[in-house]
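The values are calculated or read from the model by the stated rules, or taken from the named source; none is laboratory data. Note that the structure is predicted; figures quoted are calculated from it, not measured. Cβ coordinates were reconstructed from backbone atoms using ideal geometry, including for glycine residues, and neighbour counts include every protein chain displayed.
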Amino acid sequence: MLYRDEAIVIRTHKLGEADRIITLLTRQHGLVRAVAKGVRRTTSKFGSRLEPFTHVDLQLAVGRNLDTITQAETQGSYAAPLGADYERYTAGTVMLETAERLVVEEREPAVQQFLLLLGALRAMASGERGAGHVLDSYLLRSLAVAGYAPSCVDCAHCGRSPGPGPEGGQGHHRWFNPSMGGVLCSTCRIPGSASPAPETLTLLGGLLAGDWRVVEAAEPRHLREASGLVAAFVQWQLERGLRSLEYVER
Ligand SMILES: [Zn+2]
């Protein structure tokens, strides 16, 4: 039986003499591991279409264990622009790895995660926005889609609203703890909580919403502080650290 889907190539590894197992985030079938036969031969009909960071249209044949890729057509390749820039490449690698970790259901549609990753790869490859901002926004949004959004305004523990700020706008609780799910009021704070600047919490909300006006208006020190909180939050949520996060300069 054959089926079609579009996918982003997450990773590949060698199988036997000439084949590879390709890990794919597909739109309609979630995470799929499929065999690409003969892909390591120079004469392969697949060429470089099954490299990580490539958006492909696929035809697959259902197999007993792994499906087999029978056709692949490139829709967009982000490998070259990302490969030319170390910061963008490492950030892109973290995105692929995060998507693989967050899409746990196989054979189930993963449309939102697929579109989020595709949009983030395009933004990362275009170079129009800072690599760190694209990454941080992607991490928060993909966690939110998976059901792990951090609380950026109301207390993550008791739900209390911080009320208005000193100048009448949105106020902020003072504390943030990844293990508690985000910001904390003074009553719920636990030892070891961070005490970020109010501007950093506004920025976190902007990253989570994909609101680039907020992100672009932010000062570097708040961007740095937000990146640290995002990294801590992601690592906590995924239980063990994403290996590639260690290589992202913050
Ligand atoms: Zn509270």
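Brief remarks follow.
- Residue match in region 13-34 (condition: free of Cβ contacts under 8 Å to residues at least 24 places away in the same chain, part of a strand (DSSP E or B) and farther than 27 Å from Leu116 by Cβ): yes
- Region 202-228 residues that are of a type in the set (Ser, Thr, Tyr), paired with ones that are not in a loop (DSSP other than H, G, I, E, B) (beta carbon under 9 Å, 6 or more apart): Thr202/Gln170; Thr202/Val214; Thr202/His222; Ser227/Gly132; Ser227/His133; Ser227/Leu135; Ser227/Asp136
- Hits in region 215-231 (condition: assigned to a helix (DSSP H, G or I) and crowded, with 17+ Cβ neighbours inside 10 Å): Val215, His222, Leu223, Glu225, Ala226, Ser227, Leu229, Val230, Ala231
- Every residue from region 153-193 that is surrounded by fewer than 17 Cβ atoms within 10 Å (Cβ to Cβ), hydrophobic (A, V, I, L, M, F, W, C) and touching a Phe, Trp or Tyr at 6+ places or on another chain (Cβ under 9 Å): Ile190
- Count of region 194-209 residues, restricted to those that are buried (at least 18 other Cβ atoms within 10 Å of the Cβ) and of a type in the set (S, T, N, Q), is 2.
- Residue match in region 109-130 (condition: among the hydrophobic types (A, V, I, L, M, F, W, C), modelled with pLDDT under 95 and in contact with a helix residue (DSSP H, G or I) (Cβ under 8 Å, 6 or more places away or on another chain)): no
- Considering residues of region 149-180 that are in a loop (DSSP other than H, G, I, E, B) and over 21 Å from Val214 (Cβ atoms) only, the residue farthest from the ligand (Cβ to nearest atom): Gly159
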